[in-house]
Amino acid sequence: MTEIAPLAASTREAFGDPGVHAVVRSGRTVHAVGLGQWFDEQQVPELLCHTGVAGWSPAALEPTRAEVTCARCLRKLGRSGSLSRQLPLFGDVPED
């Protein structure tokens, strides 16, 4: 049986510094990260937006210092004002 405590600890260490965010498997969306409950009372980094990661493994998250771009994460962080406004589907584009 695989011991998960060392895996959880190494994953926590990779995301332990302030300002470290995550991408999922070399994706383009940058997510905010928080700690969440895993197996056997172990805490590991998880996406703040709780977006599912297929075949979830702590190794699926890659640390990055890039700015968060996930709209759901930004809302949870209270920074939804930094999102670009969605353009209307029909009609004229409003002028700023």
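If each of Thr51 and Ile4 carries a label point 7 Å out from its Cα toward its Cβ, how far apart are those two points in nm?
With each label point 7 Å from Cα toward Cβ, the separation is 2.4 nm.
Need the full-extension length gain, Arg79 to Gln37, defined as separation in residues times 0.36 nm minus the C-alpha distance. One decimal, nm.
12.6 nm
Using amide H atoms built 1.01 Å from N in the peptide plane, name the residues 5+ places from Gly36, or on other chains, whose amide H lies under 5 Å from its own.
Val44, Glu46
According to a simple spin-label model (label point 7 Å from Cα along Cα-to-Cβ), what is the distance in nm between Arg65 and Arg25?
2.8
Using the Cα centre as the reference, give the magnitude of the dipole from point charges on the C-beta atoms of the stretch 21-77 (Lys, Arg: +1; Asp, Glu: -1; all else neutral), rounded to the nearest 20 debye.
My answer is approximately 340 debye.
Any read-out appearing in this document is the output of simple, stated calculations on the displayed coordinates, not a laboratory observation. As the structure is a computational prediction, the values presented were derived from the model and not from experiment. Glycine also receives a Cβ, built like all others from the backbone with ideal geometry; neighbour counts cover every protein chain displayed.
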